[in-house]
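The values are calculated or read from the model by the stated rules, or taken from the named source; none is laboratory data. Keep in mind that this is a model prediction, so the values were computed, not measured. FYI the Cβ positions are ideal-geometry reconstructions off the backbone, even for glycines, and counts take in every protein chain you see. Calculation scope for accessible area: heavy atoms of the full protein, side chains included, ligands and nucleic acids excluded. Shrake-Rupley method; radii C 1.70, N 1.55, O 1.52, S 1.80 Å.
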Amino acid sequence: MKTRNIITGAAGVLLAGAAATGFLGWKAEREKVEDLEKKVEALRLQERRSAVDRSVSKQMEELANEQREISDEKREEAIQQTRVANEMRLRSELERQNAIIAERNAVASERKAVEASEIAESQRQMAEHQRLLAEMSKQKADTLSYIALGRSLGSISTIQAQAGNEDVANLLSYASYLYTSRYRGDIYYPAVFQSLMRSSQSVVSWTEHTGAVTNLEYMPGEDHRLVSVSDYGEIILSERQGNNLKTKVLFRNKDFDFRDVIINRTNGCIYAASRSGHLVVVQQDLKTVKVVDLDKIEHPMRLHDISDNNLLIIGENSLGLYDIKRNILRSTRQLNFRVIKGSRKNSLPLLFDDKGKMHLVTGLDNISTENVPVPGTVTAYCESKNTGIEAYGMSDGTIWLIFKDGKRQRLLGHRSRISKMKLNGRRLYSASYDGKVNLWITDNEKVEPMTLIETKNWIMHFNFDSTKNTFWMGDAKGGLTAVNISVPIMVEQVKKKLKRDLTTEEWNYFIGQSVPFESFLVKSEE
């Protein structure tokens, strides 16, 4: 029983084991089948995908073929374009080479052109230079010719005036000035300047004094009123009205011998020093006159206004300080030398003695002395603060110029004592007892005199107005003379006197056919 049971159990177990093994095998096969089915399905899916991929690949291949065909076409085009580009590059290179050659040829041509232009310009400049030289030579010749013509016409004008042909004389005088100034000649050349003075009637004289006019002074701020004094004891106030002179005798006493006059700008009083030992004071009202005795000053000869309140009086052997406000002689000083001439240097009194010394007065008790730098007896002195030139006029008519650098120059042109000199810039004016007033241009290479005035009387003194265009002079016969020396004023006066032009015959005779005719008349404005 037990064996059967064991056999049955064992058979059951074997059967169960076989069943289990069969189940397990079936399950395994089942799983294998399912796995195969999945693989088959996967393969089918893969096949379908492969078909799709093949289709896509075929399409891509077709597209690739199309792209290849397109690419081939593009490549062919590129090759063609490259070929064209290479041809263009070769052509461009050829053109560049041609351009370089052309540029070189152009540069060479330009260089030749520049060289030719420079040669042409050089030749043109040489021709222009030759033309300018020719023109300059012609201008120089014309200039010299016209300047000579101007001087000649001035001389002829004077001759015509002496012959009484005033119209022609005035026309020739103006032509003389015109050609001289137009060609930059010297309008102060005697023939030119003197013909202008004569035609413009620049010299007007009056005889108002009985004695010799020793000094004259302009009224403060006025150019047509002046006070003059004489050695006959006269103090006269004169006022010019055109060519007329209105005079008023402020003082007259023949016992007085006036040598200098000065007008104080502060109080307007007139002070006149008399060699007789007196100071005559004419008050501002020109009516009240006071005579002051200068008993301590022998032979007063010159006055200096050294301040608003003090007047320095210079005598032959002494100096005096006069108080203007109190009208008294405050103090005097005796000199150990004899004064023969009083002047002014650097606004200070300068005294010359008879021993060849000069003395600069900086105060009544302060006088510096030095030798006169030129030989002879000094009778006149002046200086120019602008140019630094000093001029010494001598008793024999000689004038010495001393320049700033110490250079000295001797001027000869007067025959007797120099009485007065004045430096206006480069122009030196000198008056002499020989009856002449000369003008000297000091910066000329050769300083020569030009006579402005020539009379038969000793010229004692002259003085310029504020414009420096007119000066007045006094002579030994009591004459007063006004002299205009302004060229523009003279020219205007001459132009006003021109009533007609030169006739053709006069023009050809006096000026010449080679000079183009021109009118000298001033055209009136319509």
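Projecting each Cα onto the charge dipole of the chain (Lys/Arg +1, Asp/Glu -1 at the beta carbon, about the Cα centre), which of Leu43, Thr398, Gln67 comes out farthest on the positive side? Looking along the dipole axis, the top candidate is Thr398.
The string of couplings for the stretch 367-382 from the Karplus curve (6.51, -1.76, 1.60, θ = phi - 60°) is 10, 9, 10, 8, 6, 5, x, 10, x, x, 9, 7, 10, 7, 8, 7 Hz, one whole number per residue in order, with x for Gly and Pro. In the chain, the longest principal axis of the Cα atoms and the axis of helix 487-497 are about 70 degrees apart.
Each Lys or Arg adds one and each Asp or Glu takes one away; over the other residues whose Cβ falls under 15 Å from the Cβ of Tyr509, this sums to -4.
Tally up the carbon and sulfur contribution to the accessible surface of the chain as a whole percent, 1.4 Å probe, everything protein left in place. Answer for the chain is 50 percent, counting heavy atoms of protein chains only. Here the stretch 429-526 is treated with +1 on each Lys and Arg Cβ and -1 on each Asp and Glu Cβ, and its dipole about the Cα centre works out to around 360 debye. When each of the peptides 425-436, 189-200 is scored by how many other beta carbons lie within 10 Å of its residues on average, the order from highest to lowest is 189-200, 425-436. Relative to the longest principal axis of the C-alpha atoms of the chain, give the angle of the C-alpha long axis of helix 2-162, reported between 0 and 90° and rounded to the nearest 10°. Relative to the chain, helix 2-162 is tipped by roughly 20 degrees. Given axes a ≥ b ≥ c from the Cα gyration tensor, I'd like to know whether the stretch 356-438 is rounded (a/c under 1.5), prolate (a/b larger than b/c) or oblate. Prolate shape, in that a/c is at least 1.5 and a/b is the bigger ratio. Any idea which of Leu502, Val522, Ala273 is furthest toward the positive side of the dipole for the chain, if Lys and Arg beta-carbons carry +1 and Asp and Glu beta-carbons -1? Working it through, the farthest residue towards the positive pole turns out to be Ala273. The residues packed around Ser230, meaning those with a beta-carbon under 15 Å from its beta-carbon, carry a net charge of -2 if Lys and Arg are +1 and Asp and Glu are -1.
Peptides 104-110, 492-498: what's the order by average Cβ count within 10 Å, highest mean first?
Listed from highest to lowest mean packing, they are 492-498, 104-110.
The computed Kirkwood radius over Cα pairs in Å for the structure shown corresponds, within (i) 32.9; (ii) 26.0; (iii) 24.2, to (i). From the cross-link list Lys254/Lys296; Lys248/Lys477; Lys325/Lys477; Lys325/Lys420, which pairs have alpha carbons spaced over 27 Å apart? Table pairs above 27 Å Cα-Cα are Lys325/Lys477; Lys325/Lys420. A Förster radius of 25 Å, combined with the Cβ-Cβ distance separating Asn469 from Arg344, puts the computed FRET efficiency at roughly 0.65. Ignoring aspartates and glutamates fewer than eight residues from Lys456 along the same chain, the ones with Cα atoms less than 13 angstrom from its Cα are Asp434, Asp475. Listed by chain and number, the aspartates and glutamates whose C-alpha is less than 16 Å from the C-alpha of Lys499, apart from same-chain residues fewer than 8 away, are Glu166, Asp167, Glu518. Think of each Lys and Arg Cβ as +1 and each Asp and Glu Cβ as -1; about the Cα centre, that makes the dipole of the chain roughly 1280 debye.
Excluding same-chain neighbours fewer than eight residues apart, the lysines reachable from Lys38 by a Cα-Cα span under 23 Å are Lys27. For the stretch 303-458, the Cβ-based charge dipole about the Cα centre amounts to some 120 debye (Lys, Arg positive; Asp, Glu negative; other atoms uncharged).
From most to least packed by mean Cβ count within 10 Å, the peptides 410-419, 40-49 give 410-419, 40-49.
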